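Worksheet for the structure shown next.
The values are calculated or read from the model by the stated rules, or taken from the named source; none is laboratory data. Here the structure is a predicted model, which is why all the values come from computation and not from measurement. Cβ atoms come from the backbone with ideal geometry, glycine included; neighbour counts cover every protein chain shown. Just so you know, the surface numbers come from the protein's heavy atoms only, side chains and all, with ligands and any DNA or RNA stripped out. Shrake-Rupley method; radii C 1.70, N 1.55, O 1.52, S 1.80 Å.
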Amino acid sequence: MKGDEEATGGSTEVGERRRYELDDQGFDEVPKKYRKFYRRWKGPGDELAPNEIFCPVCRIVIRSPREIRPGDRIYCMACMTRLRAVRGPDGRIVAEVEYT
Amino acid sequence: MSDTPGPSEEVDLHARDPEWFREHVQSFQFWFEAVEGYLGGLDHGRPPEIPEAPLSGIERARLVTALCNYCVGETAALEGAGGLIRIAPNRETKIFLSTQTVDEGRHLEVLIHRLRELGVEDPEAEIRARAAPALLAFKDRLLDLVARGDWEAALFAQNVILESMEFAVFQNHARTADPRTHEVLMRIVKDERRHIGFGENELGRRLRAEPSLRTRLHPVRQELDRLVIAAFDEGGAGSGASPREREEITRAYLHAVKRLGFE
Ligand SMILES: [Fe+2]
Ligand SMILES: [Fe+2]
Ligand SMILES: [Zn+2]
């Protein structure tokens, strides 16, 4: 599998990344085998786990089997978008669209 | 649980190659597996068992007007997506647009069916009577851009401006809609996610390669988003949205345009 080295680039965190066992939360808009990588956003009170990031294009939550750090590449299959995790102005990790 | 891979064969989707991702998500194979999850077992776009809720005369009239205008938007998208196949720059985008054309045809069909369920005997005549002039003007302009073979402008008009407004309007309307309309709209929204994403990504790539394109698209944007917003006001397409909801709907669209580098 290509591209894994790229996924850690730019990380400012140190130490081992936490791993996550993903479970299917019923997100039915992508093929069955990819459902566990997504869940619905429950609105303003919804807290994102360290392995989750919000898709700014289609407003769902994308999940990763490991803690997300700045520089990580993330795919939103629901809106077919490639994203990059970056540190936002308020210190939180947010996703930016990569148009390449 | 036989389809759950064990830890050793666990595949991290996000570690896959970008080229694989781009080609895969634009394929019919992907489309089919994606829609299988939410379109199976339906009757005209909703689960068959959902009962018809009683509506007052005013509620029904407002709903019919909104649905008629959605039909205009969906017809524009159906004709637009079909027409764009001819001018799309490569195989992957042509194939994606064929899936979008199917989606838009489905949207039009289920909305027409919903109108019939509400007692509208001649949906075409009703649509003609209730369509917002600004929305009809938008449709003409979009199809004109398609006919002229202007890929970037037509894609911008359709998959960014029209789709992102529809995406927000349908979601907002679904929140307060009767149960049948709610189910129909929420499944349309699931399809529209792919369409807005396709438009933003394809256009984003173009703008990155050719920044001067932004200047060329500026007048298109000015003309067309004015029409879409006017259509929203005229057509009852907002279906009783409050000022705050209206602001939220427009904001989703403005965010997309901002991400693409338009001020
Ligand atoms: Fe549609
Ligand atoms: Fe669409
Ligand atoms: Zn998305």
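For the stretch B:64-103, the set of residues classified as within 14 Å of ligand 1 (Cβ to nearest atom), of a type in the set (D, E, K, R) and farther than 15 Å from residue B:231 by Cα consists of B:79, B:103, listed by residue number. For the stretch A:54-74, filtering for residues that are open to solvent by less than 30 Å² (accessible area, probe 1.4 Å), more than 7 Å from chain B (Cβ to nearest Cβ) and under 20 Å from residue B:167 (Cβ atoms) leaves 4. Can you name the residue in the stretch B:157-191 that is surrounded by 24 or more Cβ atoms within 10 Å (Cβ to Cβ) and free of Cβ contacts under 8 Å to residues at least 60 places away in the same chain and is also farthest from ligand 3 (Cβ to nearest atom) among such residues? The residue in question is B:185. A single member of B:12, B:43 is more than 26 Å from residue A:55 (Cβ to Cβ) and among the acidic types (Asp, Glu), and it is B:43.
Filtered by the rule that a residue be more than 25 Å from residue A:55 (Cα to Cα) and either at the interface with chain A (Cβ under 8 Å from one of its Cβ atoms) or in contact (Cβ under 8 Å) with a residue 24 or more places away in the chain (or both), the stretch B:197-225 gives B:213, B:216, B:217, B:218, B:220, B:223, B:224.
Residues that are more than 16 Å from ligand 2 (Cβ to nearest atom), touching a helix residue (DSSP H, G or I) at 6+ places or on another chain (Cβ under 6 Å) and open to solvent by 70 Å² or more (accessible area, probe 1.4 Å) occur at least once in the stretch A:24-37. For the stretch B:144-165, which positions are away from ligand 2 (no atom under 12 Å from the Cβ) and β-branched (Val, Ile, Thr)? Within the stretch B:144-165, B:146 is the sole residue that qualifies.
For residue B:22, the test of being touching a residue at least 40 places away in the same chain (Cβ under 8 Å), part of a helix (DSSP H, G or I), within 16 Å of ligand 3 (Cβ to nearest atom) and buried (at least 16 other Cβ atoms within 10 Å of the Cβ) is passed.
The set of residues in the stretch B:139-156 that are touching a Gly at 6+ places or on another chain (Cβ under 9 Å) and either open to solvent by 20 Å² or more (accessible area, probe 1.4 Å) or away from ligand 1 (no atom under 14 Å from the Cβ) (or both) comprises B:139, B:143, B:145, B:146, B:147, B:154, B:155, B:156. Can you pull out every residue in the stretch B:104-135 that is touching a helix residue (DSSP H, G or I) at 6+ places or on another chain (Cβ under 9 Å) and assigned to a loop (DSSP other than H, G, I, E, B)? Residues satisfying the conditions are B:118, B:119, B:120, B:131, B:132.
Residues being part of a loop (DSSP other than H, G, I, E, B), open to solvent by 30 Å² or more (accessible area, probe 1.4 Å) and closer than 18 Å to residue B:160 by Cβ: count how many of those fall in the stretch A:75-98.
Residues in the stretch A:75-98 being part of a loop (DSSP other than H, G, I, E, B), open to solvent by 30 Å² or more (accessible area, probe 1.4 Å) and closer than 18 Å to residue B:160 by Cβ: 1 in total.
Confirm whether residue A:24 is away from ligand 1 (no atom under 16 Å from the Cβ), more than 13 Å from the chain's Cα centre (by Cα) and modelled with pLDDT of 95 or more. Answer is yes for this residue.
The one condition from (1) open to solvent by 40 Å² or more (accessible area, probe 1.4 Å); (2) within 17 Å of the chain's Cα centre (by Cα); (3) farther than 30 Å from residue B:54 by Cβ that residue B:94 does not meet is (2).
Only one entry of B:13, B:55, B:39 meets the criterion of being away from every other protein chain (no Cβ under 11 Å), surrounded by 14 or more Cβ atoms within 10 Å (Cβ to Cβ) and not polar (S, T, N, Q), and that entry is B:55.
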